[in-house]
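Every read-out reported here was derived from the displayed coordinates using simple, explicitly stated rules and does not represent laboratory data. The structure presented is a predicted model; accordingly, all values stated were derived computationally and were not measured. All Cβ positions, even for glycine, are placed from backbone atoms using ideal geometry, and neighbour counts span all protein chains on display.
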Amino acid sequence: MTTSVPADSAPRACDLLVRADAIITQDDDRRVLTGAAVAIGDDLVLEVGDYADLDARYDAAQRLDMSGKMLLPGLVNGHTHLPMTLLRGFADDLPLMEWLEGHIWPVEAQLDEDLLGIGARLGCAELIRTGCTAFLNGYFHEYVTGDAASNCGLRAVLGEGFFAFPSPFFPTAEACWETIRTLEARFRDDPLVRTAVTPHAAFTVPPEDLAASFELAEALDIPWQTHLAESPAETAVCLGKYGMRPVEILRKEGLLSPRVTLHHCVDVTDGEILQLAASGTNVVHNPASNLKLCSGMSPVQKMLDAGVNVGLGTDGASSNNQLNMFRDMGLAALIGKVRHEDASAVNAGTALDMATRHSARCLGWPELGRIEAGFPADMIALDLSSPNLMPVFNHVSHAVYAATGMEVCMTMVAGEVLYLYGEFRTLDVSGLRKEALRCSKWVRSVSGK
Ligand SMILES: [Zn+2]
């Protein structure tokens, strides 16, 4: 095609022009462009299109030639507990309740900010390495994770977790309110970090405290997230305590809304799915964690068909045991078929939507998860010269079924390249190895293992 610049139009300035073999845009038409490029200015995508055309029309301060690679939006992790990288592989092969009460909570109770910072930085490194550019977190001393994300250039939504019963961090649920307000104020002007109100679950926080915390989320105008309906065992606890199933507890308190993101929703009835859809409530599917803890398989396709926005998350690194969204994307597609006894259920495009645009809505950050003019310049590149990605018939299929995450060779957030060809630009990964060793000794000493 003709790419000459008309005499009367000077080239437009941009900060960076990225060329690639293909771009999975995840725009409204789900266009996949070949021989394409992205022009980036400040922290936004200025234009996506044919490489020769953009090359002629843009005067780029910098260029990044990613020939032989495909670009896709940075993946959005809808549910994790980033510092739990410290407990990766510490307690495996256990059901949810025994795992939490017998192994995780006793060690977590002794974590301090120094250890949490190491865990958070380890988590950031893994997210960057595997092509994740934003995440929805829930843990303790969340400013530590916020600082880690902000310093290494990742987007994060932070959730200071609380229970109704006394925890080492808060004696009551309400004691957490001030921390949530302080956290929100601390990061209010940070373009990368936001906050969310985060009660642990309906079986650990009573209905009145759930409702009070939702009022706080409304007052601060931030998302409200919680674990919900993770397993039949949780449903049994809720029925025993309140005579209601988990979704019913929220519905009765008026806590089903577009402001709400529910993690898991494995044990939900058809009627509850309709309530989630009608209320605009968001759900995050965590297939690896659900499989590992033997919690069950969420009826994802049924929820999607009903109109529920279902995103995708890894959950923490001690129940997955990875923070690699590529693995969860593949698993979502695979177990979705078995769950619904239908090979067409949770197809590749759906799984990619879940890991990008749908998760972005779960974070309350719907402009993420696409490569499109006017939207944030968060994107990753997969190396198409990896043997497992040759040849290419369908780029989306490769991203979901064939890629492992290790083909990620570039990770960019807000126009800043955080990782390129093995080099972490914002993190000292070799230093993290020494710190991780120190952490493993500490975990052994406090757990007696
Ligand atoms: Zn979780």
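Between Asp29 and Lys337, the modelled label-to-label distance comes to 3.0 nm, taking each label 7 Å out from Cα in the direction of the beta carbon.
Tell me whether the chain comes out rounded, prolate or oblate; compute the Cα gyration tensor, take square roots of the eigenvalues as a ≥ b ≥ c, and use a/c under 1.5 as the rounded threshold. Display every interim value, and only then the final one.
On the way: a/c = 1.73, a/b = 1.53, b/c = 1.13.
It is prolate, given that a/c is not under 1.5 and a/b is the larger ratio.
By count of other Cβ within 10 Å, fewest leading, how are Ser289, Ser430, Ser318 ordered? Don't jump to the answer; show the numbers that get you there.
Details: Ser289 27, Ser430 8, Ser318 23.
Result, fewest neighbours first: Ser430, Ser318, Ser289.
Can you give me the Rg/Rh ratio for segment 218-365, using Cα atoms for both radii and the Kirkwood formula for Rh? With Rh from the inverse mean 1/r over Cα pairs, Rg/Rh is 0.95. On a per residue basis, the convex hull of the C-alpha atoms belonging to segment 138-237 measures out at 97 Å³.
Just rank Glu160, Glu435, fewest to most, by other beta-carbon atoms within 10 angstrom.
Numbers: Glu160 25, Glu435 17.
By the 10 Å Cβ count, ascending: Glu435, Glu160.
Please compute the net charge surrounding Gly161, taking Lys and Arg as +1 and Asp and Glu as -1 over other residues with Cβ under 12 Å from its Cβ. Write out the running numbers ahead of the final one.
Details: positive: none; negative: Glu108, Glu142, Glu160.
Its environment carries a net charge of -3.
What is the sum of charges around Ala306, taking Lys and Arg as +1, Asp and Glu as -1, for the other residues whose C-beta is under 14 Å from the C-beta of Ala306? Local net charge: -2. Run the paramagnetic zone check for Phe393: 7 angstrom along Cα to Cβ, then residues of segment 302-346 with backbone nitrogen under 16 Å. Residues passing the 16 Å test: 344.
Within the chain, DSSP assigns beta bridges of which about 45% are antiparallel (rounded to the nearest 5). The ranking of Asp189, Asp428 from fewest to most other beta carbons within 10 Å of each one's beta carbon is Asp189, Asp428.
Among bridges DSSP assigns within segment 16-138, what percent are antiparallel (round to 5)? List each step's numbers first, then the result.
Working: 14 of 25 bridges.
Of all bridge pairs located within segment 16-138, approximately 55 percent are antiparallel.
May I ask for the net charge around Ile249, where only other residues with Cβ less than 15 Å from the Cβ of Ile249 are counted and Lys, Arg are +1 while Asp, Glu are -1?
Numbers: positive: Lys241, Arg245, Arg251, Lys252; negative: Glu208, Asp209, Glu230, Glu234, Glu248, Glu253, Asp267, Glu272.
Local charge sum for Ile249: -4.
The Ala185 and Lys252 beta-carbon pair, evaluated with R₀ = 41 Å, returns a calculated FRET efficiency of approximately 0.80. At 7 Å along Cα-to-Cβ for each site, give me the label-to-label distance between Asp65 and Glu215 in nm. With each label placed 7 Å out from Cα toward Cβ, I get 6.3 nm.
The phi torsions of segment 54-71, fed into the Karplus equation with coefficients 6.51, -1.76 and 1.60 and a -60° offset, translate into couplings of 5, 4, 6, 9, 10, 9, 8, 5, 9, 10, 10, 8, 10, 4, x, 10, 10, 9 Hz, rounded to whole numbers, with Gly and Pro shown as x. On full extension, the segment bounded by Tyr242 and Glu178 gains 20.2 nm, given 0.36 nm per residue less the C-alpha separation.
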